[in-house]
Amino acid sequence: DLDVVAVRSALEKAFAGWGPGAAFTRIPDPLVVPKPARFVIQTPDKQNASMALKLPLALNDRSSEHVAMRMADYLLGGGGHSRLWKRIRETDGLSYDVRTGVSWNAFEEHSTFTASAIFAPQNAPQVEAAFRDELTRALERGFTAQELAEGKRGLLAFRSLGRSQDDRLAATLSSNVYLGRTFAEAERIDRELRALTLEQVNAALRRHLKPAEFVQGIAGDFKPK
């Protein structure tokens, strides 16, 4: 097996004499809140349709509600037992795939919540209605203690599995070097996930998820048949 010394030696040999043309400077990415919008794009003769939504969040991965919002996203649409998956994919059978996620900013308080679904064009109205219904129910009633307990097990297992995969481990190591972090950060997040309360998760969802502020796009062949 290759060791660190051999890898370093190979890299130094391969990049000998190379230098960047200019010094690296990170470009700031401040929070900019777009106007809410909904638009439809016609894609003639395409068998499937898709929906995508975005919402900027005034959070980064060190914010006090980061871990609670991470769990709220997982329970809403981030896992196979999430609200949206169970309702739209399993119960209603309307979508081939539905999910949510958050792109976490490590610097500015400007992360991005996204949601997506793939479905037959004729199912678009029902998919939108079910999606909004589940968001409203989560915001008004909150998640349950059982959902949180299952979510903790699922999300912690997913994070542990990621650390056992070479590609994701290498990506995290590279990111840690760039950010000046160690795996103590992952340990901190896991610890906070285990300690989360239902009140924290529901409060984070209500504070940051604003359906009226979504930018939403739907693409498909919606011509009358």
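For this structure, a couple of remarks:
- Within the shell of other residues whose beta carbon sits under 12 angstrom from the beta carbon of Ala212, the net charge comes to +3, with Lys and Arg scored +1 and Asp and Glu -1.
- Point-to-point label distance, Gln122-Ala37, nm (Cα→Cβ direction, 7 Å offset): 3.2
- Springs between Cα atoms under 10 Å define the GNM used for the chain, and in it the highest mean-square fluctuation of Ser103, Ser82, Ser164 occurs at Ser164.
- Fraction of accessible area attributable to carbon and sulfur, the stretch 56-179 (%, probe 1.4 Å): 51
- To the nearest 10, the accessible area of Trp104 is 60 Å² with a 1.4 Å probe.
- All C-alpha pair distances within the chain, sorted into 10 Å bins from zero, spread as 7, 26, 30, 21, 11, 4, 0 percent across the bins.
- Charges were assigned to the Cβ only: +1 to each Lys and Arg, -1 to each Asp and Glu. The resulting dipole of the chain about its Cα centre is roughly 380 debye.
- Top of Lys35, Lys46, Lys152 by mean-square fluctuation, Gaussian network on the chain, Cα under 10 Å: Lys35
- Gyration tensor verdict on the stretch 76-154 (Cα atoms; rounded if a/c is under 1.5, prolate if a/b is larger than b/c, oblate otherwise): oblate
- Rg and Dmax of the stretch 1-57, Cα atoms only, in Å: 23.5, 56
- Highest-fluctuation residue, Gly19, Gly162, Gly79 considered, GNM on the chain with Cα pairs under 10 Å: Gly19
- FRET efficiency estimate (nearest 0.05) - Cβ-Cβ, Phe222 to Asp29, R0 45 angstrom: 0.85
- Computed over Cα pairs, the Kirkwood radius of the stretch 127-225 leads via Stokes-Einstein (1.306 mPa s, 10 °C) to a diffusion coefficient of 94 µm² per second.
- Computed [θ] at 222 nm, deg cm²/dmol, the chain (DSSP H ≥ 4; -39,500 (n - 2.57); rounded to nearest 500): -13000 deg cm²/dmol
- Each of Asp45 and Ala106 was given a label point 7 Å from its Cα along the Cα-to-Cβ line. The distance between the two points is 4.5 nm.
- Per residue, the accessible area of the chain comes to 60 Å² when a 1.4 Å probe rolls over the protein heavy atoms.
- Distances between every pair of Cα atoms in the stretch 47-106, grouped in 5 Å steps from 0 to the bin holding the largest one, split as 4, 17, 23, 21, 15, 11, 6, 2, 0 percent.
- For the stretch 87-128, taking Cα atoms only, Rg and Dmax work out to 13.9, 42 Å respectively.
- DSSP loop GluC sites (Glu not before Pro) with at most 16 other Cβ within 10 Å: longest gap in the chain: 110-225
The values are calculated or read from the model by the stated rules, or taken from the named source; none is laboratory data. All values derive from a computational prediction rather than experimental measurement. In this analysis, Cβ positions are derived from the backbone assuming ideal geometry, glycine residues included, and neighbour counts consider all displayed protein chains. The accessibility values were calculated without ligands, DNA or RNA, using every heavy atom of the protein model including side chains. Shrake-Rupley method; radii C 1.70, N 1.55, O 1.52, S 1.80 Å.
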